[in-house]
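Report on the structure given below.
What follows draws every value from the coordinates through simple rules; no lab data is involved. These numbers come from a predicted model, not from an experiment. We place every Cβ from the backbone using ideal geometry, glycine too, and count neighbours over all the protein chains shown.
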Amino acid sequence: MNPDSLSHIDDANRASMVDVSAKKVTARTATAEAKVHVNEAVAAQFDGKDLVSKKGPVFQTAILAGVMGAKQTSNLIPLCHPLPLDSIKINIEFEGRTATIQCTAKTTGKTGVEMEALTGVNIAALTLYDMCKALDKGITITDLRLLEKAGGKSDYQADPEP
């Protein structure tokens with residue numbers, strides 16, 4: 001692979017944080033998505049509402065965990081810049097046996113918030129897994145992806161279906 005094509009590799013082929021000092025401050029947003037698939041026993045518990053388990057309300061706990069996770073992105077991903085997040089919104093829709101989780105991150109800064117959106121949705125999905133694992137050890141998390149980003153050098157819009 002050509003090291004010039006990777007933003008986090010310097011001229012000596014070493015990992016390096018991207019220098020954003022010359023970039024302009026702009027409003028930036030990113031939305032990421034993940035799907036959590038559960039068995040019928042778990043799905044039957046939701047009945048169109050949030051499930052309250054022994055650990056508490058499943059969706060509300062996952063949403064709070066996702067927000068907290070997004071705020072910790074630069075502590076978890078070594079070369080991410082710490083960002084002042086203006087907003088983190090997490091939405092969970094449940095249909096059939098699948099929870100679709102979306103996380104939208106916003107900031108005003110010199111670098112994008114894709115990693116924060118991806119981290120937030122991932123932590124929310126893992127929390128949903130943790131909250132429901134007593135009823136289903138075979139829960140799967142799939143289709144983790146960036147849906148869109150805007151406000152930087154290059155905007156991005158994902159295909160509707162992965």
*Among residues other than SER154 whose Cβ falls under 15 Å from its Cβ, what is the net charge (Lys/Arg +1, Asp/Glu -1)?*
+3
*To the nearest 0.05, what FRET efficiency results for ASN39 and THR100 with a Förster distance of 25 Å applied to their C-beta separation?*
0.90
*Along the range 35-43, what does the Karplus equation 6.51 cos²θ - 1.76 cosθ + 1.60 (θ = phi - 60°) give for ³J(HN,Hα), rounded to whole Hz, x for Gly and Pro?*
10, 10, 9, 10, 7, 5, 4, 6, 4
*Under a 5 Å amide H to amide H cut-off, with H placed in plane at 1.01 Å, what residues pair with THR140 once short-range neighbours are removed?*
HIS37
*asked:* Sort ARG28, ARG145 by Cβ crowding within 10 Å, fewest neighbours at the top.
replied: ARG145, ARG28
*Chain lengthening between LYS137 and THR26 when straightened (0.36 nm per residue, less Cα-Cα)*: 35.6 nm
*What's the center-to-center distance, using Cα atoms, between the range 1-80 and the range 88-152 in Å?*
6
*Using the per-residue mean of other Cβ atoms lying within 10 Å as a proxy for protection, in what order, highest first, do the peptides 58-65, 31-38, 99-106 fall?*
99-106, 31-38, 58-65
*Mind jotting down the three principal axis lengths of the range 6-112 based on Cα atoms? Whole angstrom, largest first.*
54, 29, 23
*For the pairs LYS35/LYS137; LYS106/LYS137; LYS71/LYS133; LYS106/LYS153; LYS24/LYS149, note any where the Cα-Cα span goes beyond 23 Å.*
LYS106/LYS137; LYS71/LYS133
*If you average the sequence gap of Cα pairs under 8 Å that are 6 or more apart and divide by the length of the chain, what percent do you get for the contact order?*
34
*Hey, can you rank 86-94, 153-161 by average C-beta count inside 10 Å, highest first?*
86-94, 153-161
